[in-house]
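Novice: Below you will find the structure I want to go over with you.
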Amino acid sequence: MRIGIGYDSHRLVEGRRLILGGIDIPFEKGLLGHSDGDVLCHAIIDAIIGAMGAGDIGKHFPDTDNRWKDASSIMLLRHIVDLVKSKGLEIVWIDSIIITEKPKITPYIESMKDTISQAGISPAIINIKAKTNEAMGFVGREEGIAAQAVCLLKEIRS
Ligand code: MG
């Protein structure tokens, strides 16, 4: 068994879509980023990469590489899930937290899990939680959204 941790945050700005867990959430602001700014997917990706012992998200998807400009983070996640399989590993469990003051995330969690399944992660092995930051810090001031994730991988006997 191997465990990995992931964290990400992006700035909330006007004129961007808000995409979390691969789905479009109606809101007056969206997350700024080289890709779609999907903090949940990025935290999950980093947790998986950490459990693989394969560096970090910036190493796999550098923001200097135009292949990943405005990329769907579900596609990036798919790429990393394929890498897990190619290394003879299997995802056992992912737990995650989205930390945001607004909008309310809970109504979207099931559809996030459905969308993340397109990256090859079954809804049966992922948990997504949502919290506010009790009006404290950058999340509390609604300047940005953060996410955390952990991933458990196991080595498959061949
Ligand atoms: Mg990010």
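Novice: So which pairs qualify, if the first residue must be in segment 1-22 and free of Cβ contacts under 8 Å to residues at least 60 places away in the same chain, the second must be more than 14 Å from the ligand (Cβ to nearest atom) and outside any loop (DSSP other than H, G, I, E, B), the Cβ gap must be under 9 Å, and the two must be at least 6 apart or on different chains?
Specialist: Filtered contacts from segment 1-22: Val13/Lys29; Glu14/Lys29; Gly15/Lys29; Arg16/Lys29; Arg17/Asp24; Arg17/Ile25; Ile19/Ile25.
Novice: Of all residues being within 10 Å of the ligand (Cβ to nearest atom) and part of a helix (DSSP H, G or I) in segment 47-63, which is nearest to Ile98 (Cα to Cα)? Just the residue, please.
Specialist: The qualifying residue nearest to Ile98 (Cα to Cα) is Ile57.
Novice: Inside segment 25-46, can you point out the residues that are among the hydrophobic types (A, V, I, L, M, F, W, C), within 13 Å of the ligand (Cβ to nearest atom) and not in a loop (DSSP other than H, G, I, E, B)?
Specialist: Once the filter is applied, which keeps residues that are among the hydrophobic types (A, V, I, L, M, F, W, C), within 13 Å of the ligand (Cβ to nearest atom) and not in a loop (DSSP other than H, G, I, E, B), segment 25-46 yields Leu31, Val39, Leu40, Cys41, Ala43, Ile44, Ile45.
Novice: Restricted to segment 71-107, and to residues that are among the hydroxyl-bearing types (Ser, Thr, Tyr) and buried (at least 20 other Cβ atoms within 10 Å of the Cβ), which residue is nearest to Asp56 (Cα to Cα)?
Specialist: Only one residue tops the list, namely Ser73.
Here, each number is a calculation from the coordinates, and none is a lab measurement. The structure presented is a predicted model; accordingly, all values stated were derived computationally and were not measured. As a convention, Cβ positions derive from the backbone with ideal geometry for all residues, glycine included, and neighbour counts pool all protein chains shown.
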